[in-house]
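Worksheet: the structure to be examined is printed underneath.
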Amino acid sequence: MFFTNLFQSNLKSQFIIKKIEYYPATESTMSDLWELINKDNSHVLVITDNQKNGKGRLNNKWHSKPGCSLTCSFSLNKVFLNEQFNLHAILIPVAIIRAIKKLLNLEIKVKWPNDLFYENKKVGGILIESKNKQQVLNIGIGLNVNEDNNDFPNEIKNKTTSLKIIKGHPIQREPLLAFIINEIEQKIKSLDSKKLINIWQENCIHINENICFKYQNKMISGIFKKINLKGQAVIEYENKHITYDGPIDFI
(Lines give C-alpha, C1' and ligand atoms only; values in the text may rest on other atoms or scores of the structure.)
Protein backbone atom coordinates (compact mmCIF):
# COMPACT_ATOMS: atom_id res chain seq x y z
CA MET A 1 0.00 0.00 0.00
CA PHE A 2 1.15 3.53 -0.79
CA PHE A 3 1.02 5.64 2.39
CA THR A 4 -0.06 9.15 1.40
CA ASN A 5 0.75 10.53 4.87
CA LEU A 6 4.37 9.44 4.54
CA PHE A 7 4.49 10.95 1.06
CA GLN A 8 3.09 14.27 2.31
CA SER A 9 5.52 14.38 5.24
CA ASN A 10 8.41 14.43 2.72
CA LEU A 11 6.70 16.73 0.23
CA LYS A 12 7.78 20.37 0.00
CA SER A 13 5.68 21.27 -3.03
CA GLN A 14 4.20 24.75 -2.97
CA PHE A 15 2.41 24.78 -6.32
CA ILE A 16 2.59 21.44 -8.18
CA ILE A 17 0.64 19.16 -5.83
CA LYS A 18 -2.31 20.48 -3.84
CA LYS A 19 -4.57 17.45 -3.99
CA ILE A 20 -3.84 13.70 -3.88
CA GLU A 21 -6.10 10.99 -5.25
CA TYR A 22 -5.02 7.50 -4.20
CA TYR A 23 -6.64 4.45 -5.81
CA PRO A 24 -5.74 0.93 -4.60
CA ALA A 25 -6.30 -0.21 -8.20
CA THR A 26 -7.16 1.49 -11.48
CA GLU A 27 -6.85 0.99 -15.22
CA SER A 28 -4.68 4.03 -15.88
CA THR A 29 -3.66 6.96 -13.70
CA MET A 30 -3.35 9.14 -16.82
CA SER A 31 -6.96 8.43 -17.81
CA ASP A 32 -8.08 9.14 -14.24
CA LEU A 33 -6.19 12.41 -14.23
CA TRP A 34 -7.73 13.55 -17.52
CA GLU A 35 -11.16 13.08 -15.97
CA LEU A 36 -10.15 15.27 -13.05
CA ILE A 37 -8.57 17.90 -15.30
CA ASN A 38 -11.71 18.02 -17.44
CA LYS A 39 -13.67 18.78 -14.26
CA ASP A 40 -11.44 21.82 -13.68
CA ASN A 41 -9.27 20.10 -11.12
CA SER A 42 -5.61 21.08 -11.32
CA HIS A 43 -2.50 20.57 -9.19
CA VAL A 44 -3.63 16.97 -8.69
CA LEU A 45 -1.60 13.80 -8.21
CA VAL A 46 -3.20 10.44 -8.99
CA ILE A 47 -1.36 7.41 -7.65
CA THR A 48 -2.18 3.73 -7.52
CA ASP A 49 -0.75 0.50 -6.16
CA ASN A 50 -2.11 -1.50 -9.07
CA GLN A 51 -2.23 0.00 -12.55
CA LYS A 52 -3.85 -2.58 -14.80
CA ASN A 53 -3.50 -0.90 -18.17
CA GLY A 54 -0.58 1.49 -18.00
CA LYS A 55 0.50 3.27 -21.17
CA GLY A 56 3.93 3.87 -22.61
CA ARG A 57 5.03 5.80 -25.69
CA LEU A 58 3.49 4.85 -29.04
CA ASN A 59 0.65 3.00 -27.31
CA ASN A 60 3.01 0.46 -25.79
CA LYS A 61 1.91 -1.20 -22.56
CA TRP A 62 3.71 -0.30 -19.33
CA HIS A 63 4.17 -3.39 -17.14
CA SER A 64 3.99 -2.86 -13.38
CA LYS A 65 3.66 -5.18 -10.41
CA PRO A 66 1.03 -4.29 -7.80
CA GLY A 67 2.57 -2.81 -4.67
CA CYS A 68 6.06 -2.65 -6.18
CA SER A 69 6.06 -0.06 -8.94
CA LEU A 70 5.71 3.67 -8.63
CA THR A 71 2.85 4.49 -11.00
CA CYS A 72 1.34 7.95 -10.92
CA SER A 73 0.22 10.94 -12.96
CA PHE A 74 0.09 14.58 -12.03
CA SER A 75 -1.08 17.78 -13.68
CA LEU A 76 1.43 20.48 -14.50
CA ASN A 77 0.84 23.94 -15.89
CA LYS A 78 2.85 24.48 -19.04
CA VAL A 79 6.29 25.83 -18.19
CA PHE A 80 7.68 26.45 -21.67
CA LEU A 81 6.19 28.36 -24.59
CA ASN A 82 4.91 26.40 -27.57
CA GLU A 83 8.16 26.68 -29.54
CA GLN A 84 9.97 25.04 -26.62
CA PHE A 85 7.22 22.61 -25.67
CA ASN A 86 9.57 19.62 -26.10
CA LEU A 87 11.63 20.86 -23.16
CA HIS A 88 8.96 19.50 -20.81
CA ALA A 89 10.22 16.05 -21.86
CA ILE A 90 13.72 17.15 -20.80
CA LEU A 91 12.75 18.81 -17.51
CA ILE A 92 10.97 15.79 -16.00
CA PRO A 93 13.70 13.13 -16.50
CA VAL A 94 16.40 15.56 -15.37
CA ALA A 95 14.48 16.16 -12.14
CA ILE A 96 13.93 12.42 -11.60
CA ILE A 97 17.62 11.68 -12.17
CA ARG A 98 18.59 14.34 -9.63
CA ALA A 99 16.01 13.14 -7.10
CA ILE A 100 17.19 9.53 -7.28
CA LYS A 101 20.79 10.70 -6.92
CA LYS A 102 19.92 12.69 -3.78
CA LEU A 103 17.85 9.96 -2.14
CA LEU A 104 19.61 6.77 -3.25
CA ASN A 105 23.01 7.92 -4.56
CA LEU A 106 22.37 6.18 -7.88
CA GLU A 107 23.51 7.41 -11.30
CA ILE A 108 20.44 6.93 -13.47
CA LYS A 109 20.81 7.73 -17.18
CA VAL A 110 18.37 8.78 -19.89
CA LYS A 111 17.49 7.62 -23.40
CA TRP A 112 15.82 10.02 -25.81
CA PRO A 113 13.56 11.56 -24.91
CA ASN A 114 12.70 10.45 -21.38
CA ASP A 115 13.27 6.75 -20.73
CA LEU A 116 15.32 6.06 -17.60
CA PHE A 117 18.13 3.51 -17.62
CA TYR A 118 20.71 1.97 -15.34
CA GLU A 119 23.64 0.18 -17.02
CA ASN A 120 21.67 -0.28 -20.26
CA LYS A 121 18.59 -1.69 -18.51
CA LYS A 122 15.36 0.26 -18.38
CA VAL A 123 14.19 1.30 -14.93
CA GLY A 124 11.44 3.77 -15.78
CA GLY A 125 9.62 5.89 -18.30
CA ILE A 126 7.70 9.14 -18.61
CA LEU A 127 4.69 9.95 -20.75
CA ILE A 128 3.54 13.53 -21.30
CA GLU A 129 0.16 14.27 -22.84
CA SER A 130 -1.65 17.47 -23.77
CA LYS A 131 -5.02 17.98 -25.41
CA ASN A 132 -6.27 20.78 -27.63
CA LYS A 133 -3.45 23.10 -26.66
CA GLN A 134 -4.52 23.02 -23.02
CA GLN A 135 -2.32 24.91 -20.59
CA VAL A 136 -2.30 21.90 -18.27
CA LEU A 137 -0.17 18.83 -19.01
CA ASN A 138 -0.73 15.26 -17.88
CA ILE A 139 2.60 13.83 -16.68
CA GLY A 140 2.72 10.05 -16.22
CA ILE A 141 5.62 8.40 -14.41
CA GLY A 142 6.33 4.69 -14.18
CA LEU A 143 9.30 3.52 -12.13
CA ASN A 144 10.36 -0.03 -11.32
CA VAL A 145 11.03 0.27 -7.60
CA ASN A 146 10.68 -2.99 -5.63
CA GLU A 147 10.34 -5.61 -8.35
CA ASP A 148 12.51 -8.71 -8.40
CA ASN A 149 13.84 -10.00 -11.70
CA ASN A 150 11.19 -12.72 -11.91
CA ASP A 151 8.44 -10.10 -11.67
CA PHE A 152 9.11 -8.87 -15.22
CA PRO A 153 7.58 -10.54 -18.30
CA ASN A 154 10.00 -12.87 -20.07
CA GLU A 155 10.17 -10.68 -23.15
CA ILE A 156 11.66 -7.75 -21.19
CA LYS A 157 13.34 -9.53 -18.27
CA ASN A 158 16.86 -9.23 -19.67
CA LYS A 159 16.60 -5.53 -20.50
CA THR A 160 14.72 -4.25 -17.45
CA THR A 161 15.69 -3.67 -13.83
CA SER A 162 14.40 -2.06 -10.64
CA LEU A 163 15.81 0.18 -7.93
CA LYS A 164 15.58 -2.72 -5.47
CA ILE A 165 17.65 -4.96 -7.73
CA ILE A 166 20.23 -2.21 -8.17
CA LYS A 167 20.50 -1.29 -4.47
CA GLY A 168 20.01 -4.79 -3.08
CA HIS A 169 17.22 -3.83 -0.69
CA PRO A 170 13.62 -2.53 -0.84
CA ILE A 171 13.02 1.18 -1.42
CA GLN A 172 10.27 3.27 0.17
CA ARG A 173 8.17 4.64 -2.65
CA GLU A 174 6.65 7.51 -0.68
CA PRO A 175 9.82 9.56 -0.01
CA LEU A 176 11.04 8.66 -3.49
CA LEU A 177 8.01 10.26 -5.12
CA ALA A 178 8.20 13.24 -2.78
CA PHE A 179 11.84 13.82 -3.71
CA ILE A 180 10.87 13.66 -7.40
CA ILE A 181 8.06 16.22 -7.07
CA ASN A 182 10.28 18.46 -4.92
CA GLU A 183 13.01 18.35 -7.54
CA ILE A 184 10.62 19.10 -10.41
CA GLU A 185 9.33 22.14 -8.54
CA GLN A 186 12.85 23.31 -7.76
CA LYS A 187 13.85 23.02 -11.42
CA ILE A 188 10.80 25.07 -12.41
CA LYS A 189 11.57 27.77 -9.83
CA SER A 190 15.12 28.15 -11.13
CA LEU A 191 14.22 27.51 -14.76
CA ASP A 192 17.25 27.47 -17.07
CA SER A 193 16.74 25.85 -20.46
CA LYS A 194 20.42 25.62 -21.33
CA LYS A 195 21.30 24.07 -17.97
CA LEU A 196 18.51 21.49 -18.29
CA ILE A 197 19.71 20.54 -21.76
CA ASN A 198 23.31 20.25 -20.57
CA ILE A 199 22.33 17.99 -17.65
CA TRP A 200 20.21 15.83 -19.96
CA GLN A 201 23.08 15.49 -22.43
CA GLU A 202 25.58 14.68 -19.68
CA ASN A 203 23.37 11.80 -18.58
CA CYS A 204 22.36 10.55 -22.03
CA ILE A 205 23.53 7.02 -22.89
CA HIS A 206 23.76 7.57 -26.64
CA ILE A 207 25.35 10.98 -27.31
CA ASN A 208 27.56 10.61 -30.43
CA GLU A 209 26.34 7.03 -30.84
CA ASN A 210 24.64 5.38 -33.82
CA ILE A 211 20.88 5.05 -33.40
CA CYS A 212 17.94 4.06 -35.62
CA PHE A 213 15.06 6.41 -36.32
CA LYS A 214 12.22 6.85 -38.79
CA TYR A 215 12.86 9.49 -41.44
CA GLN A 216 10.78 10.11 -44.55
CA ASN A 217 8.79 6.90 -43.92
CA LYS A 218 11.79 4.61 -43.63
CA MET A 219 14.05 3.42 -40.82
CA ILE A 220 17.58 4.76 -41.13
CA SER A 221 20.61 5.09 -38.87
CA GLY A 222 22.38 8.23 -37.80
CA ILE A 223 24.49 9.71 -35.01
CA PHE A 224 22.65 11.32 -32.11
CA LYS A 225 24.52 14.60 -31.60
CA LYS A 226 22.65 16.78 -29.11
CA ILE A 227 19.42 18.54 -28.16
CA ASN A 228 18.74 22.02 -29.53
CA LEU A 229 17.18 24.91 -27.60
CA LYS A 230 13.70 23.85 -28.74
CA GLY A 231 14.16 20.45 -27.08
CA GLN A 232 14.49 18.60 -30.39
CA ALA A 233 17.00 15.86 -31.09
CA VAL A 234 19.73 16.74 -33.56
CA ILE A 235 20.83 13.68 -35.56
CA GLU A 236 23.65 13.55 -38.07
CA TYR A 237 22.66 11.75 -41.26
CA GLU A 238 24.57 11.78 -44.55
CA ASN A 239 26.68 14.77 -43.49
CA LYS A 240 23.69 16.90 -42.53
CA HIS A 241 21.91 17.58 -39.26
CA ILE A 242 18.25 16.61 -38.91
CA THR A 243 15.99 17.91 -36.14
CA TYR A 244 13.77 15.11 -34.88
CA ASP A 245 10.98 14.68 -32.34
CA GLY A 246 10.15 10.97 -32.62
CA PRO A 247 11.40 7.82 -30.91
CA ILE A 248 14.73 6.12 -31.51
CA ASP A 249 16.14 2.62 -31.15
CA PHE A 250 19.59 1.40 -30.29
CA ILE A 251 21.69 -0.31 -32.95
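Assorted remarks:
- Here's the picture: charge each Lys and Arg Cβ at +1 and each Asp and Glu Cβ at -1 in the chain, and of Y215, I20, L70 the one pushed furthest to the positive end of that dipole is Y215.
- Near-label residues of segment 114-128 by backbone N, under 19 Å of a point 7 Å along Cα→Cβ of T243: 114
- Carbon/sulfur fraction of accessible area - segment 109-225, other protein chains in place, 1.4 Å, %: 41
- Computed FRET value (nearest 0.05) for E155 with S193, which takes r as the C-beta separation and R₀ as 30 Å: 0.20
- Centre separation in Å (Cα based) which lies between segment 147-168 and segment 174-246: 25
- Residues in segment 60-137 average 42 Å² of solvent-accessible surface per residue, probe 1.4 Å, ligands and nucleic acids excluded.
- Prolate/oblate/rounded call for segment 165-232, Cα gyration tensor, a/c under 1.5 rounded: oblate
- Take every Cα pair under 8 Å whose residues are at least 6 apart in sequence, average their separation, divide by the length of segment 193-251, and the relative contact order is 30 percent.
- Evaluated at q = 0.22 Å⁻¹, a Debye calculation over the C-alpha positions of segment 90-195 (equal weights, vacuum) places log10 I(q)/I(0) at -1.26.
- Percentage relative contact order, segment 76-176, counting C-alpha pairs under 8 Å, at least six apart: 21
- Rg over Rh for the chain works out to 0.95, both radii taken from alpha-carbon positions and Rh defined as the Kirkwood radius.
- Taking every C-alpha pair closer than 8 Å and separated by at least 6 residues, the mean separation divided by the residue count of the chain gives a relative contact order of 19 percent.
- Beyond 31 Å in Cα-Cα separation lie the following of the pairs K111/K218; K122/K230; K65/K195; K65/K194: K65/K195; K65/K194.
- Those GluC sites (Glu not before Pro) in segment 99-152 that DSSP places in a loop and that have at most 12 other beta carbons within 10 Å: E107, E119
- Beta bridge orientation in segment 1-110: antiparallel %, DSSP, nearest 5: 50
- Members of K19/K109; K78/K189; K52/K101; K78/K225 lying beyond 19 Å, as alpha-carbon distances in this model show: K19/K109; K52/K101; K78/K225
- Over the chain: helical MRE at 222 nm, DSSP H runs n ≥ 4 each giving -39500 (n - 2.57), nearest 500: -8000 deg cm²/dmol
- The charge dipole of the chain, taken about the Cα centre with unit charges on the Cβ atoms of Lys, Arg (+1) and Asp, Glu (-1), comes to about 380 debye, rounded to the nearest 20.
The values are calculated or read from the model by the stated rules, or taken from the named source; none is laboratory data. This one's a predicted model, so the numbers in the text were calculated from it and none came from an experiment. We place every Cβ from the backbone using ideal geometry, glycine too, and count neighbours over all the protein chains shown. These area figures cover heavy atoms from the full protein model, side chains too; ligands, DNA and RNA do not enter into them. Shrake-Rupley method; radii C 1.70, N 1.55, O 1.52, S 1.80 Å.
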